[in-house]
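Asks: Input: one structure, supplied below.
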Amino acid sequence: MADLCALAIGGSDSSGAAGLVEDLHAFRCGRVRGAIAVTAVTAQGAEGVVAVHPVPPEVVRAQIDACLKSLPVRAAKTGMLLDRGIVAEVADAFVRGESVPLVVDPVLESTSGHALLDTGGLAELRTRLLPVATIVTPNVPEATALTGLPIGDEAGMERAGRAMLDLGCRAVLVKGGHLPSGPCVDLLIRPEAETVRFSSPRRPGPTRRGSGCFLASGIAAGIAHGLELPAAVERARQALKSSGNPHEEPHKSRFIH
């Protein structure tokens, strides 16, 4: 682990259930050293997010630059970015650090419905951050917000993923857990490649908080180890199941046209 490091850029969660806590948990499970750049301090509990205090964008950027310059960062992952200024600084950091693969988890709101990215930040994410992303990991509501496309089934997930590729990212993992019925299906969509379909039986009850953070960071850990994206996604899904934060049964994956 000493020569492999992954960087998580996102917010703290005082309840310990999501955000940077889960990012570091995923990095440990993925056998990489974790570094962090804090974008915001949040107060959260059983009732959801009750307060958010943003870190100044220039301080976020200073944290990123310090990590990229002094640590063997092999992959990075973004979570909660809050506003246009923070998104812009992150995007600029990775334009200059093009050799570091970037996983973008487009966190728009908390599980309890508290907004975690404002309108200006969403626009900046679409135009500045997605073009430098190695992979973007939206759930269905996030994919709709990013593309304006309604999603009611796997065909809709595919269309939204292709639309995000047109925004400049190199790959998209559209997570289908928000669809109303059927198995939980995630689609890995890349230009000029077969779509990879990951399917798991749907479990009753709500998705546990922090599962999206863990999955995206698990993918970053796999990338840090040099895995190709399908293998990194599969490894992250398996790690999520066995990490003590499961939201699905063992999955099956196959290639589809």
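The values are calculated or read from the model by the stated rules, or taken from the named source; none is laboratory data. What you see is a predicted model; the values in this text were computed from it and never measured. In case anyone asks, the SASA skips ligands and DNA or RNA and just uses the protein heavy atoms, side chains included. Shrake-Rupley method; radii C 1.70, N 1.55, O 1.52, S 1.80 Å.
Asks: Specify whether the C-alpha gyration tensor of the range 145-197 places it in the rounded, prolate or oblate class, a ≥ b ≥ c being the square roots of the eigenvalues: rounded for a/c under 1.5, otherwise prolate if a/b is larger than b/c and oblate if not. Show your work: numbers first, answer last.
Replies: Numbers: a/c = 2.35, a/b = 1.38, b/c = 1.70.
Oblate is the answer for the range 145-197, as a/c is 1.5 or above yet b/c matches or exceeds a/b.
Asks: Please compute, for the alpha-carbon atoms of the range 93-185, the extent along each of the three principal axes and give them in descending order in Å.
Replies: Result for the range 93-185: principal-axis Cα extents of 43, 27, 19 Å.
Asks: Rounded, prolate or oblate: which fits the range 1-125 when a ≥ b ≥ c are the square roots of the eigenvalues of the alpha-carbon gyration tensor, with rounded for a/c under 1.5 and prolate only if a/b beats b/c? Could the numbers behind the result be given before it?
Replies: Working: a/c = 2.04, a/b = 1.27, b/c = 1.61.
Cα axes put the range 1-125 in the oblate bin.
Asks: Of the heavy-atom accessible surface of the range 122-192 (probe 1.4 angstrom), what whole percent is carbon and sulfur? Each step should come with its number before you reach the end.
Replies: Working: 1520 of 2750 Å².
The computed percentage sits at 55.
Asks: Long-range amide H contacts for D83: which residues qualify at under 5 Å (H placed 1.01 Å from N, peptide plane, sequence gap of 5 or more or a different chain)?
Replies: When sequence neighbours closer than 5 places are left aside, the close amide H contacts are D118.
Asks: Cα-based count: Lys pairs in the chain below 19 Å, eight or more positions apart or different chains? Show your work: numbers first, answer last.
Replies: Details: K69/K77; K77/K175; K175/K241; K175/K252; K241/K252.
Number of lysine pairs found: 5.
Asks: Also: Sticking to Cα atoms, compute the Rg of the range 29-74 to one decimal and its Dmax as the biggest Cα-Cα distance, whole number, in Å.
Replies: Computed over the Cα atoms of the range 29-74, radius of gyration and Dmax are 13.9, 39 Å.
Asks: What does DSSP give for the range 18-155 in terms of the percent of beta bridges that are antiparallel, rounded to the nearest 5?
Replies: Values: 7 of 13 bridges.
Counting DSSP beta bridges with both partners in the range 18-155, the antiparallel share is about 55 percent.
Asks: Here's another thing I want to ask about it. Give me the 1.4 Å probe accessible area per residue for the chain, excluding ligands and nucleic acids, in Å².
Replies: Working: 10870 Å² over 257 residues.
I get 42 Å² per residue for this part.
Asks: For the chain, what's the radius of gyration and Dmax over Cα atoms, in angstrom?
Replies: Answer for the chain, Rg first and Dmax second: 16.5, 47 Å.
Asks: If I ignore ligands, DNA and RNA and count only protein heavy atoms, how much of D118 is accessible to a 1.4 Å probe, in Å² to the nearest 10?
Replies: Here the accessible area works out near 70 Å².
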